[in-house]
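Working notes for the structure below.
The numbers here are math on the coordinates, done by the rules we state, and not lab data. Given the structure is predicted, the values throughout are model-derived calculations rather than measurements. For neighbour counting, all protein chains shown are included, and Cβ atoms are generated from backbone atoms with ideal geometry for every residue, glycine included.
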Amino acid sequence: MTEIIRFVTDEDDLSACLALRHEVFVREQGVSPADELDGMDAECLHILARIGGQPVGAARILIRDEVAKIGRVCVLPAMRGSGLGGRMLDVMLAELAEMPQVRRARLGSQIAAITLYARAGFQPVGPRYMEAGLEHQDMELSL
């Protein structure tokens, strides 16, 4: 099956991203819809992963000043452990590396996903904290 990971360019792909996020964060992890939909999506770059045409992963990037905040990274349960999350991260970081105004990437990792980001070179910064009922750790990477 063909895997395609690309930045979202139309409303249909954005809708697929939002549906994936709802499935993973709201239905599976119990995050409230108000926490998941924070009103920032219009300001973000979005990435969508499809396998065999089916949406299986999504993420977004909010760029402020010199920092790219990667967030809402989600992969459907059936695809976890396949390396898809890492490949999505590679696509995002390659794009950010081409943006001279962006100096750092930052994210708030759920504790269960720290190793995914550490493999890409992210380092923990600051203390762990609770967000939307889940324990997180901020991580950064210089670009």
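Using a simple spin-label model with points 7 Å from Cα along the Cα→Cβ vector, what separation in nm is obtained for Ile111 and Ser82?
If labels sit at Ile111 and Ser82, their model points lie 2.8 nm apart.
Taking the chain as a Gaussian network, Cα atoms linked when under 10 Å apart, which of Ala97, Ala49, Ala34 shows the biggest mean-square fluctuation?
Ala34
Could you tell me the distance between the Cα centroids of region 3-57 and region 79-119, to the nearest Å?
16 Å
So what is the relative contact order of region 3-142, in percent, for Cα pairs below 8 Å that sit 6 or more residues apart?
20 percent
If you put +1 on each Lys and Arg Cβ and -1 on each Asp and Glu Cβ, how big is the dipole of the chain around its Cα centre, in Debye rounded to 20?
Around 480 debye, computed over the chain.
Please compute the modelled spin-label separation between Asp35 and Arg128, points set 7 Å along Cα→Cβ, answer in nm with one decimal.
Simple spin-label model gives 1.6 nm for this pair.
Counting only helical runs of four or more DSSP H residues, what would the 222 nm mean residue ellipticity of the chain come to if each run contributes -39,500 (n - 2.57) and the total is spread over all its residues?
Computed mean residue ellipticity for the chain: -7000 deg cm²/dmol.
Express in nm, to one decimal, how much length is gained between Arg104 and Arg27 on full extension, taking 0.36 nm for each residue of separation and deducting their alpha carbon distance.
Net length gain for the segment: 24.6 nm.
Top mean-square fluctuation among Leu107, Leu96, Leu37, Gaussian network model of the chain, C-alpha springs under 10 Å?
Looking only at Leu107, Leu96, Leu37, the biggest GNM fluctuation is shown by Leu37.
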